[in-house]
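Here's the structure, in structure tokens; my notes come after.
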């Protein structure tokens, strides 16, 4: 799968990216929502999943997600959040695969990806 990781924390991008590369996935990285949106648009045809941090400078993950959905992009998304500010109600209609709170285990992400693959 081609997976885009959008997170302003370099450590998170590298850790998750390296883990998923070792699992056989092709990884794209972005440091904020604006860069993530540009990458998602450019890679729209081959992109299978976005792992998206919510709280970032320049453009939040939720803002990026709303723009993607408004454009008709239905790529699967996993939201990663350091706070419990994002709940299920906020995401109704946004077609989110899951919400993960930081700190999280890589196994949690792997399980959500495996769930997506089996759909």
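Annotations
- Matching residues, the range 1-35, being assigned to a helix (DSSP H, G or I), surrounded by fewer than 18 Cβ atoms within 10 Å (Cβ to Cβ) and in contact with a strand residue (DSSP E or B) (Cβ under 7 Å, 6 or more places away or on another chain): 21
- Tally, over the range 41-60, of residues that are in contact with a strand residue (DSSP E or B) (Cβ under 6 Å, 6 or more places away or on another chain) and buried (at least 18 other Cβ atoms within 10 Å of the Cβ): 7
- Test result for residue 32, over 20 Å from residue 115 (Cβ atoms) and at pLDDT below 90: no
Residue-wise test of (1) under 15 Å from residue 108 (Cα atoms); (2) touching a helix residue (DSSP H, G or I) at 6+ places or on another chain (Cβ under 9 Å); (3) in contact (Cβ under 8 Å) with a residue 40 or more places away in the chain.
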residue: 14; (1), (2), (3): no, no, no
residue: 23; (1), (2), (3): yes, yes, yes
residue: 29; (1), (2), (3): no, yes, no
residue: 32; (1), (2), (3): no, yes, no
residue: 43; (1), (2), (3): no, no, yes
residue: 52; (1), (2), (3): yes, yes, yes
residue: 63; (1), (2), (3): no, yes, no
residue: 70; (1), (2), (3): no, no, no
residue: 79; (1), (2), (3): yes, yes, no
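- One residue from 47, 65 being within 25 Å of residue 117 (Cα to Cα) and at pLDDT 95 or above: 47
The values are calculated or read from the model by the stated rules, or taken from the named source; none is laboratory data. Everything numeric in this text was worked out from a predicted model, so none of it was measured. Don't worry about glycine lacking a Cβ; one is built from the backbone with ideal geometry, like all the others, and counts go over all protein chains shown.
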